[in-house]
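Below is one structure, written out as structure tokens; comments come after it.
The values are calculated or read from the model by the stated rules, or taken from the named source; none is laboratory data. Nothing here was measured: the structure is a model prediction, and the numbers come from that model. FYI the Cβ positions are ideal-geometry reconstructions off the backbone, even for glycines, and counts take in every protein chain you see.
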Amino acid sequence: MNRIKLFFFATVRDRVGAKSLEMDIPLDMTIQGLKDKLVDDYPNLAASMPSVLFSINREYAFDDALVPLNAEVALFPPVSGG
């Protein structure tokens, strides 16, 4: 198993109900797999998950990226501004 630390920001934090948490995931899990697990664990995320941005160890990550050992994964809602 791979123990990762998750950080949640803005509306994602509100929907999860926590600023951060630790989670054990399989060694071969991708960001897409993590998205699926998070939606299973936190159904309130389902509607916003298609637009949530992910980072792994402070670099943006796409759905096919493997989550490395002991990674820090952050979830950000889309941001608009001017």
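May I ask you to list the residues in the range 63-78 that are out of contact with any Phe, Trp or Tyr (no Cβ under 6 Å at 6 or more places or on another chain) and among the aliphatic types (A, V, I, L, M)?
Kept after step one, since they are out of contact with any Phe, Trp or Tyr (no Cβ under 6 Å at 6 or more places or on another chain), are these residues of the range 63-78: 63-73, 77-78.
Hits for the range 63-78 are 65, 66, 67, 69, 71, 73.
Can you find a residue in the range 33-41 that is outside any helix (DSSP H, G or I) and either at negative phi or out of contact with any His (no Cβ under 6 Å at 6 or more places or on another chain) (or both)?
no
Identify, please: which residue in the range 45-82 is of a type outside the set (A, V, I, L, M, F, W, C) and either in a strand (DSSP E or B) or closer than 10 Å to residue 11 by Cβ (or both) and is, among those, nearest to the chain's Cα centre (by Cα)?
55
Among the residues of the range 17-26, are any assigned to a helix (DSSP H, G or I), over 12 Å from residue 76 (Cα atoms) and in contact with a strand residue (DSSP E or B) (Cβ under 7 Å, 6 or more places away or on another chain)?
Checked the range 17-26: no residue is assigned to a helix (DSSP H, G or I), over 12 Å from residue 76 (Cα atoms) and in contact with a strand residue (DSSP E or B) (Cβ under 7 Å, 6 or more places away or on another chain).
Rundown of residues vs (1) closer than 20 Å to residue 2 by Cβ; (2) surrounded by fewer than 17 Cβ atoms within 10 Å (Cβ to Cβ); (3) at pLDDT 95 or above, yes/no style:
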| residue | (1), (2), (3) |
| --- | --- |
| 24 | yes, yes, yes |
| 27 | yes, yes, yes |
| 36 | yes, yes, yes |
| 39 | yes, yes, yes |
| 43 | no, yes, yes |
| 47 | no, yes, no |
| 54 | yes, no, yes |
| 59 | yes, yes, yes |
| 70 | yes, yes, yes |
